[in-house]
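Laboratory data are not the source of any read-out in this text; all were calculated from the coordinates shown. For clarity, every value in this text was computed on a predicted model and none was experimentally measured. Cβ atoms come from the backbone with ideal geometry, glycine included; neighbour counts cover every protein chain shown.
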Amino acid sequence: MELQLNVLDNGLDFINKCLYELEDSTDHAPSIKYAVLHLNAGIELIFKARLSNDHWAFVFEDLNKAKYDSYIEGDFKSINLDTALSRLQHICKISISEQFISSIDRLKKTRNRIEHFQINENHYQLRAIIYDSLSYIVPFINREFPKIYGNSTFNEISKLLHSQENYLCERYKRIKNELTSNHSFKIDCPQCNQEHTLDVDEEICIFCNYGGNLAINDFIYKYADLDKEAGTFTYKEFDSLKYCPFCHNESLIISSSEEYCKCLTCKTQFEKEKFLECEYCKQVDILIDEDTGENGEIIESGYYCYHCLMGD
Ligand SMILES: [Zn+2]
Ligand SMILES: [Zn+2]
Ligand SMILES: [Zn+2]
């Protein structure tokens, strides 16, 4: 069998392997030490993959000796973890927190002891080290590889982790401040399934870093009832999905209990009673004074656009 994996896939494969070893490990089983080795190798490869997205030469230890042919053949001395981190920060200008760096450093030192000397940590300490690093690297992958969502190994990793109490705890510790200090409009994330973590205005999930248009569209798709009539929506207090009168995307969610509508595309939020929809053709509008919209009027039973009022 020919084994062909690109750098990113190779890294993900190592992280996935680490998770299975973590599951299998018990107080006495040695598999936990392989989980440390594999996670460390996985992180190193993920960093190299991110560096080579900017330029393939960045993974050469000596940039002066970088040759494309050697890169393709994998025949060169590549950078170590510390150099990879430094180049990511200072050449690619990627922000990596101090805590992320010390987490990786702890993992790396543990790996070195396992490989060259002896393990001093017990089973629980090793697990804590692993979950700590995972809670940084998985959101990093989500943020730095925007096309990762079609990747089956990454989806497997996310699914496994997002159901594990240990991982959830570690991750929530990281983002506690960000979650409480920022009062923006937040919805449940369709990727990691955490509640109120997807910041609509910033278009990013604070928990898993899933973001952009894709996240918003996934959310709408998840809660819009496609079998029922258009506009049926079932998410918390929001019960309908309409076309937005401002940006004309079908992404305006209307609260049934609260008095407001919010467009998930253009982010406009306004009072529910200002939303108008022509009774006849369903064209949407916004109320400007007591009984008119920009393009129609409120007549007894409801709002009608001028086109429908004048026409047949
Ligand atoms: Zn998420
Ligand atoms: Zn809009
Ligand atoms: Zn109409």
Point to revise | Evaluated at q = 0.12 Å⁻¹: base-10 log I(q)/I(0), Debye formula over Cα of the stretch 226-312 | key: -0.35
Point to revise | Cα-based reach from K93 at 17 Å (exclusive), listing lysines while leaving out same-chain residues under 8 positions away | key: K48
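Assign unit charges at the C-beta atoms only (+1 for Lys and Arg, -1 for Asp and Glu), then state the dipole size of the stretch 184-312 relative to its Cα centre in Debye, rounded to the nearest 20. Display every interim value, and only then the final one.
Numbers: 10 positive and 27 negative charges, 113 e Å.
Using Cβ point charges on Lys, Arg, Asp and Glu, the stretch 184-312 gives about 540 debye.
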Check your understanding: Using a cut-off of 30 Å between alpha-carbon atoms, which lysines can reach K272, once sequence neighbours fewer than 8 places away in the same chain are excluded?
Key -> K186, K222, K228, K236, K242, K262, K282
Study note, to complete from the structure: Of the residues F140, Y68, S31, the Cα lying farthest along the dipole of the stretch 1-155 towards its positive end, which is defined by charges on the beta carbon of Lys, Arg, Asp and Glu, belongs to F140
**Study point:** Environment charge of E294, counting only residues whose C-beta is closer than 13 Å and scoring Lys/Arg +1, Asp/Glu -1
**Key:** -3
Check your understanding: Each label point is 7 Å from the Cα along the Cα-to-Cβ direction; what then is the distance between the points at N122 and W56, in nm?
Key -> 5.0
Practice item. With a bin width of 5 angstrom, please list the P(r) values of the stretch 182-221 as percents of all Cα-Cα pairs, from the 0 bin to the one holding the largest distance. Key: 6, 33, 42, 17, 2, 0
Review point. What does the charge count near F145 come to, summing +1 for each Lys or Arg and -1 for each Asp or Glu among other residues with Cβ under 15 Å from its Cβ?
Key: 0
Practice item. Sort largest first and round to whole Å: the equivalent ellipsoid semi-axes of the chain, each the square root of five times a Cα gyration tensor eigenvalue. Key: 50, 22, 16
**Study point:** the chain - mean residue ellipticity at 222 nm from DSSP helices (-39,500 (n - 2.57) per run, n ≥ 4, rounded to 500)
**Key:** -15000 deg cm²/dmol
Review point. Mind listing which chymotrypsin sites (Phe, Trp or Tyr not before Pro) in the stretch 147-221 are in a DSSP loop and have 15 or fewer other Cβ atoms within 10 Å?
Key: F185
Review point. Looking at T292, C278, G212, which one has the Cα that reaches farthest to the positive end of the dipole of the chain (charges on Cβ: Lys, Arg +1; Asp, Glu -1)?
Key: G212
Check your understanding: For the stretch 11-66, what is the Kirkwood estimate of the hydrodynamic radius, computed as the reciprocal of the mean inverse distance between distinct Cα atoms, to one decimal in Å?
Key -> 12.5
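With +1 assigned to the C-beta of every Lys and Arg and -1 to the C-beta of every Asp and Glu, and no other charges, what is the dipole magnitude of the chain about the Cα centre in debye, to the nearest 20?
The dipole of the chain has a size of about 2000 debye.
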Exercise for review: Return one number: the angle in degrees, 0 to 90 and rounded to the nearest 10, between the long axis of the Cα atoms of helix 123-144 and the longest principal axis of the Cα atoms of the chain.
Suggested key: 50
Review point. Whole number please: convex hull volume per residue of the Cα set in the stretch 148-208, in Å³?
Key: 80
Check your understanding: Tilt of helix 7-24 relative to the longest C-alpha principal axis of the chain, in degrees (0 to 90, nearest 10)?
Key -> 80
Practice item. Taking the Cα centre of the stretch 182-221 as origin, work out the dipole magnitude from +1 charges on Lys and Arg Cβ and -1 charges on Asp and Glu Cβ, in debye rounded to 20. Key: 60
Review point. What is the diffusion coefficient of the stretch 7-179 in µm²/s, taking the Kirkwood radius over Cα pairs and the Stokes-Einstein relation at 4 °C with a viscosity of 1.567 mPa s?
Key: 77
Point to revise | Karplus-derived HN-Hα couplings along the stretch 176-187 (A = 6.51, B = -1.76, C = 1.60, θ = phi - 60°), whole Hz, x at Gly and Pro | key: 3, 5, 4, 5, 8, 7, 10, 9, 6, 6, 10, 10
Check your understanding: In degrees from 0 to 90, rounded to the nearest 10, what is the angle of the helix 81-90 Cα long axis to the longest principal axis of the chain?
Key -> 40
